[in-house]
Amino acid sequence: MPARSPVVRIRLLAAICLAFFVVGGLGRIALGDQLTGWDQAVLERIALTRTSTVTAWMRTLSWLGGGWRPILIGLLITAVLAARRERTAAWCYLVTNLSGWGLNLLLKLLFQRPRPSGIVRLDGAGGFSYPSGHSMLAPLVFGLGAFLLTRYAGKRVAWLWVSAGMMLAVAIAASRMYLAVHYPSDVIGALLGGVAWSALGVAVYSPLDREPATLPEPGTAK
């Protein structure tokens, strides 16, 4: 990997500071009782709006963001990047996702926030509540994946795909609140943490500093 420019070093430092601020600061808030009343009130209001149609959509979004589905999607994106000979980007995506998954598990054990109670849950969920695994991994799998896959495409195409990836991540996070398996602060903190960790991964591996792999033109010497 070529030496990083001062701009890249600044980007790396900013990403690290942002990641630690989100993970530490927001986690500390969620651990306390300051947000519990607000969290509960929001979930109760959401529960009043439930309909069979919306519930079906929310179950689908939650299904997409959990279990083996994001793992499979992540492996496919890694394979595509590797097949395009963008090895730095493939490693960036794979390691950032794996470390983000590990960080989420560590934070759950650290804060040990109980799941919401007093509201009927529409989906099964075990373990601790903060931060939401679905919500933290969705920006890594879908948002970062879209960014790396389209970073050499036109600006409009890249913007559309990254926007779609982040909108899907937000929708998955919203489904976890709708189904009453996570508090709002669980998904807000997790979304911000996922975005920050994505930025950290990009800064560390600096895939933007690499030119895309290209095949030789027909008839030219190798």
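Every number here is computed from the coordinates shown, using simple stated rules; none is lab data. Predicted, not measured: the structure shown is a model, and the values here were computed from it. Note: ideal-geometry Cβ built from the backbone for every residue, glycine included; neighbour counts use all protein chains shown.
Beta carbons within 10 angstrom, averaged per residue: use that to sort the peptides 129-141, 154-166, 62-74, highest first.
Values: 129-141: 27.2, 154-166: 14.2, 62-74: 16.2.
Ranking the peptides 129-141, 154-166, 62-74 by packing returns 129-141, 62-74, 154-166.
Could you calculate the FRET efficiency of R115 with T53 from 1/(1 + (r/R0)^6), where r is the beta carbon distance between them and R0 is 30 Å, rounded to 0.05?
Numbers: r = 25 Å, r/R0 = 0.85.
E(calc), rounded to 0.05, equals 0.75.
Take the Cβ atoms of V170 and R85, set R0 to 41 Å, and the FRET efficiency comes out at 0.80. If R0 is 30 Å, the Cβ-Cβ spacing of L105 and W63 corresponds to a FRET efficiency of close to 0.90.
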